[in-house]
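Beneath this line is the structure, given in structure tokens, with notes to follow.
Every read-out reported here was derived from the displayed coordinates using simple, explicitly stated rules and does not represent laboratory data. Fair warning: this is a prediction, and the values are worked out from it, not measured in the lab. Here the Cβ positions follow ideal geometry from the backbone for every residue, glycine too, while neighbour counts run over all protein chains shown.
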Amino acid sequence: MITIKNLRASVEGKEILKGIDLEIKAGEVHAIMGPNGSGKSTLSNVLAGRADYEVTEGEVTFNGKNLLELAPEDRAREGVFLAFQYPVEIPGVSNINFLKTAINETREYKGQAPMEAKDFLALVKEKQHLVELDGKLANRSVNEGFSGGEKKRNEIFQMAMLNPSFSILDETDSGLDIDALKIVASGVNKLRTKDNAFLVITHYQRLLDYIIPDFVHVLYNGKIVKSGGKELALELEEKGYDEIKKQFETV
Amino acid sequence: MANEILEEHINSEYKWGFTTDIESDTFKKGLNEDVIRLLSHKKNEPEWMLEFRLKSYRYWLTMKEPSNWAYFPYPKIDFQEISYYSAPKVKPELASLDEVDPELLKTFEKLGISLEEQKRLTGVSSNIAVDAVFDSISVKTTFRETLAEKGIIFCSFSEAVQEHPDLIKKYMGMVVPYTDNYYAALNGAVFSDGSFCYIPKGVRCPMELSTYFRINSSGTGQFERTLIVADEESYVSYLEGCTAPQRDENQLHAAIVEIIAHKNAEVKYSTVQNWYPGDKNGVGGIFNFVTKRGLCVGDYSKISWTQVETGSAITWKYPSVILKGDNSVGEFYSVALTNNHQQADTGTKMIHLGKNTKSTIISKGISAGVSNNSYRGLVQIKKGAVNARNFSQCDSLLMGDKCGAHTFPYIEIKDKTAVVEHEATTSKIGEDQLFYCNQRGISTEKAIGLIVNGYCREVLNKLPMEFAIEAQKLLAISLEGSVG
């Protein structure tokens, strides 16, 4: 699905990613863990195509296409979804209108006719259940006045609506209490199929109790320093990041 | 990235900038009493109207052009360099649409205004009577007969002068006397046409009434007058739209709109103002210096202004309400958008005289490019206006870092029982919001449209449905090249 080779990227001239290699296949869930400042969020922003993140070297192939050449909206239309760590508020724009625009822009990109209003509303109704999102929230302005948990649930709701093939969850667990975490995780689990893939970025092991990854990678100082199965997450939880830091301290 | 897409857009053209090739009867440039006499004669006006014009003109001569009281400077206007009358050469009194010059019909078709009633009747969505004003004269008013059955008068101002002189004499200048301000005096002297509307007692106007103004000829000014009178217990919703060709010169538009609402009457006045704003270097464009004012003369009357201002090089406009009747209500909902070199100084005045009067002001300014956008408003609670209430909210949205937003709220309270609230915010369309939209597959262009329309939603919701959709599109188009 997605192949990342020797990816290097800088922000304001400072190199943050220092050669990332990662391959994610359809049906897989990968987790990236790492201490603060290791480059986790940079990786998700680079993949989504945020301005201010300069790719200096390397390549990313997504379903056969050179992802780095695509505009952010085209990456989204090709099936890359980023669940934001800090979802953005758009006052006055209803969630429904926002999603309808998003879906129809993608459909237009693929040469499809806009979705019928009836079908769209049916889809909203179906997907709302997935993250136990209150019907009222769907009609409210995008993220405006949402609690932290509601914002994260809304991200997963949008993911469900857009049905991407590759989803990045950027610290989706941050700021969630245990109940909200369970709802979000169960939403993601219901969306897992053999045809899509997830990259779960998290600081803590907690989320991975609910979204069981196939692979866990440790990002430190802009590089993946260790990879393993789901047991790696537990090991990290137990020992903390200090061991990793000691082991891979750059000279 | 966003910048590049927007750069491309900045070059897209004002799509109403075409001119109509039509034979016109245009006065020589210049203004004096003879010009006014000739104008009045052309229009076959009664003596009292000529007297009104001359009084206005003589008063105007004693006045000084307002100096730079607004936030920004503007070039001096040479009033002798303007032609004060221009009309398509076809006779304005037409028995049927067939007699209208086809070029004119085409012009209005191009603008999306159909003057053919048949079409409108059978059309799915349209239920609007239109008075189309081309340069100095009204070309055609649709649905007159249908309206007349209910006793509603909807015609051009010139016709009203001929056919309803008593109403005109009674109401013209009642809210905006010619002594009101420099441009009101000028308008009183040279106004050419406009719309007149009278809703009789107890009648709810069954359709939207609308005037569409179009400046076509070069070197002319447009000075129209609109007068709306809603008698007791009546209701009307009135729309106004305007466009002009793209020219290098600045053209002056100095109009007057007067609204009178009697006891228990309600008037809703909506404008989508889209005069040519000038090119992206600030060359050309309309100077839009307009006096709009409503008088809630009766108890429990209500006047509501909704405006979407996207055009004109310079706009000065303060649609106001004088709340004279007890329990009367004034509302002002405004979106003013400036891009490139446009300047807008707009707001409202709410003058509370009666008891338990209520006013609401919602103003949404959007500045882009190197434009300046000012809200200037006055809330005045006079002594004796017991329990008057006002709520004002003035929001500014900035796009890029070269534009300006300014808010000048004046509040004068002379009655202790008044409750006046004022809220203001300033925000910027962030890269964060754009990226969030992009990441969901929404192009930057569409994203700006979404964000801006969301920001203006409270105001757009007040517009009649069809107008709201037009306004949404217009906002998106007008925001070319605006995020930095």
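Points worth noting:
- Segment residue A:247-residue A:117, extension gain: residue separation times 0.36 nm, minus the distance between their alpha carbons: 41.2 nm
- Charges were assigned to the Cβ only: +1 to each Lys and Arg, -1 to each Asp and Glu. The resulting dipole of the stretch B:310-451 about its Cα centre is roughly 560 debye.
- Considering only the protein assembly as shown, percent of DSSP beta bridges that pair antiparallel, nearest 5: 20
- Toward the positive end of the charge dipole of the protein assembly as shown, with +1 on the Cβ of Lys and Arg and -1 on the Cβ of Asp and Glu, the farthest Cα among A:85, B:306, B:366 is that of B:306.
- Hz values of 3J(HN,Hα) by residue in the stretch A:228-244 - Karplus curve (6.51, -1.76, 1.60), Gly and Pro given as x: x, x, 5, 5, 4, 4, 5, 4, 5, 4, 6, 8, x, 8, 4, 4, 4
- Cα-based Kirkwood hydrodynamic radius, the stretch A:2-248, one decimal, Å: 18.6
- Sequence ranges B:158-165, B:337-344, B:369-376, B:420-427, ranked by mean other-Cβ count within 10 angstrom, highest first: B:337-344, B:369-376, B:158-165, B:420-427
- Distance in nm between pseudo-label sites at residue A:204 and residue A:237 (7 Å out along the Cβ direction from Cα): 1.0
- Its relative contact order, with pairs defined as Cα atoms under 8 Å and 6+ residues apart, puts the stretch A:55-160 at 34 percent.
- Rounded to 5, percent antiparallel among DSSP beta bridges of chain A: 60
- Sparse-neighbourhood loop sites, chymotrypsin sites (Phe, Trp or Tyr not before Pro) in the stretch A:30-116 - DSSP loop, at most 10 other Cβ within 10 angstrom: none
- By average C-beta atoms within 10 angstrom, highest first, the peptides B:27-34, A:101-108: A:101-108, B:27-34
- Sorting the segments B:74-80, B:276-282 by their residues' average number of neighbouring beta-carbon atoms within 10 angstrom, most packed first, yields B:276-282, B:74-80.
- For residue B:359, the residues whose amide H sits under 5 Å from its own are B:330, B:389, B:390, B:391, ignoring neighbours fewer than 5 places away on the same chain, with H placed 1.01 Å from N.
- Coil-residue trypsin sites (Lys or Arg not before Pro) of the stretch B:397-474, DSSP, other Cβ within 10 Å capped at 14: B:402, B:414, B:416
- Across the alpha-carbon atoms of the stretch B:270-311, the computed radius of gyration and Dmax are 15.2, 49 angstrom.
- Student exercise, the stretch A:1-147 dipole from Lys, Arg, Asp, Glu Cβ charges, in Debye to nearest 20: 260
- Phi to ³J(HN,Hα) by Karplus 6.51 cos²θ - 1.76 cosθ + 1.60 over the stretch B:196-212, Hz, x for Gly, Pro: 10, 9, 10, 10, x, 3, x, 9, 9, 4, x, 9, 6, 9, 8, 10, 10
- Computed FRET value (nearest 0.05) for residue A:178 with residue A:212, which takes r as the C-beta separation and R₀ as 25 Å: 0.90
- Three-way shape label, the stretch A:133-204, alpha-carbon gyration tensor, a/c 1.5: oblate
- For A:77-85, mean number of other protein chain Cβ atoms within 10 Å: 2
- Given charges at Cβ of Lys, Arg, Asp, Glu: chain A dipole, positive-most of A:203, A:43, A:30: A:30
- Annotation for the stretch A:158-177 versus the stretch A:86-104: alpha-carbon center distance of 15 Å.
- Spin-label model, residue A:59 to residue A:190: label points 7 Å out along the Cα-to-beta-carbon direction sit 4.0 nm apart.
- Mean Cα-pair separation over length for the stretch A:2-248, i.e. relative contact order, pairs under 8 Å, 6 or more apart, %: 28
- Counting only Cα atoms, the size of the stretch B:341-381 along its three principal axes is 44, 12, 8 Å, in decreasing order.
- Cα gyration tensor, the protein assembly as shown - rounded (a/c under 1.5), prolate or oblate: prolate
- Average partner coverage of A:86-98, which counts Cβ from other chains inside 10 Å: 5
- Long-range amide H partners of residue B:336 with built H, under 5 Å: B:309, B:364, B:365, B:366
- R0 of 56 Å, Cβ-Cβ distance residue B:425-residue B:148: FRET efficiency to nearest 0.05: 0.75
- CD proxy at 222 nm, helix term only [per DSSP H run n ≥ 4: -39500 (n - 2.57); per residue of the protein assembly as shown; nearest 500]: -8500 deg cm²/dmol
- Phi angles of the stretch B:282-292 translate, via the Karplus equation with coefficients 6.51, -1.76, 1.60 and θ = phi - 60°, into HN-Hα couplings of x, 8, x, x, 8, 8, 10, 10, 10, 10, 10 Hz per residue; Gly and Pro are given as x.
- In this rough spin-label picture, where each label sits 7 Å from Cα along the Cβ direction, the residue A:14-residue A:96 distance is 4.5 nm.
- Spatial offset of the stretch B:394-425 relative to the stretch B:363-390 amounts to 6 Å, using the alpha carbon center of each.
- Computed magnitude of the charge dipole of the stretch A:2-248 (debye, nearest 20; Cβ of K, R +1, Cβ of D, E -1): 280
- Averaged over peptide A:51-58, the number of partner chain Cβ atoms lying within 10 Å of each residue's Cβ comes to 1.
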